[in-house]
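Since the structure comes first, as structure tokens, the remarks are kept for the end.
The values are calculated or read from the model by the stated rules, or taken from the named source; none is laboratory data. Just so it is clear, the structure is predicted and the values come from calculations on it, not from any experiment. Here the Cβ positions follow ideal geometry from the backbone for every residue, glycine too, while neighbour counts run over all protein chains shown.
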Amino acid sequence: MKGFIPSNWFNKGKASELNDSQLKLNRASQTILVVDDSRTQLFASTKTLEEFGFTVITADNGKNGILRAKKDQPSLILMDIVMPEVNGFQATRYLTRHPETSHIPIIIVSSSTQEADKAWGLKLGACDFINKPFDRSRLITKIIRQLEISRQKITQPDSESQSA
């Protein structure tokens, strides 16, 4: 069973199923950091993201994810919850509360079906949540939506600074 990857991790959602606005985003210039202690999940996520044109970097636990995010400044982070040393909740809380990484959107990717886990992740600063095994087109849609929101925040002047 070790090394087994369910086929549904790879056969749902093709690039052609995405709408025009989703395809406009220049995904090649977008780097996604995948933080997960499962080599199988890292492989599945990397394969999916690269197929859709994203650049992918990985970290095998929350501590390494924090270090990687600070160093590489990815466009978005996919964060597992259950990991050794520093779990995904701790890493999310750290990343969203530190100025050098607080601008990076984080999507929790977890096998947990507990609504409390989703609520807690969002309370700690994650912008979205998706369950494993993920539907590929749903994951890509969530990523593109968060990247677009992030891009709009950068390109639109802050309304508070305009009124000053």
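Odds and ends about this structure:
- The condition of being crowded, with 21+ Cβ neighbours inside 10 Å and either touching a strand residue (DSSP E or B) at 6+ places or on another chain (Cβ under 8 Å) or part of a helix (DSSP H, G or I) (or both) holds for only one of LEU122, LEU147, LEU78, that being LEU78.
- Among the numbered conditions (1) within 15 Å of the chain's Cα centre (by Cα); (2) at pLDDT 95 or above; (3) assigned to a loop (DSSP other than H, G, I, E, B), the only one that ALA91 does not meet is (3).
- Taken as a whole, the structure places GLN41 among residues that are of a type in the set (S, T, N, Q), modelled with pLDDT of 50 or more and either under 25 Å from GLY88 (Cβ atoms) or not in a strand (DSSP E or B) (or both).
- Against the conditions (1) touching a Lys or Arg at 6+ places or on another chain (Cβ under 7 Å); (2) assigned to a loop (DSSP other than H, G, I, E, B), PRO84 satisfies every one except (1).
- Residues that are touching a Ser or Thr at 6+ places or on another chain (Cβ under 8 Å) and at pLDDT 90 or above, drawn from region 132-143: ARG136, LEU139, ILE140
- Scanning region 109-124 for residues that are of a type in the set (A, V, I, L, M, F, W, C), over 19 Å from ASP60 (Cβ atoms) and in contact with a Ser or Thr (Cβ under 9 Å, 6 or more places away or on another chain) returns a single hit, LEU124.
- Taken over region 104-119, the criterion of being outside any helix (DSSP H, G or I) and over 13 Å from the mean Cα position of the chain (by Cα) is satisfied by SER111, SER112, THR113, GLN114.
- Top-ranked residue in region 85-119 [being over 14 Å from ILE66 (Cβ atoms) and touching an Asp or Glu at 6+ places or on another chain (Cβ under 9 Å); ranked as surrounded by the most Cβ atoms within 10 Å (Cβ to Cβ)]: VAL109
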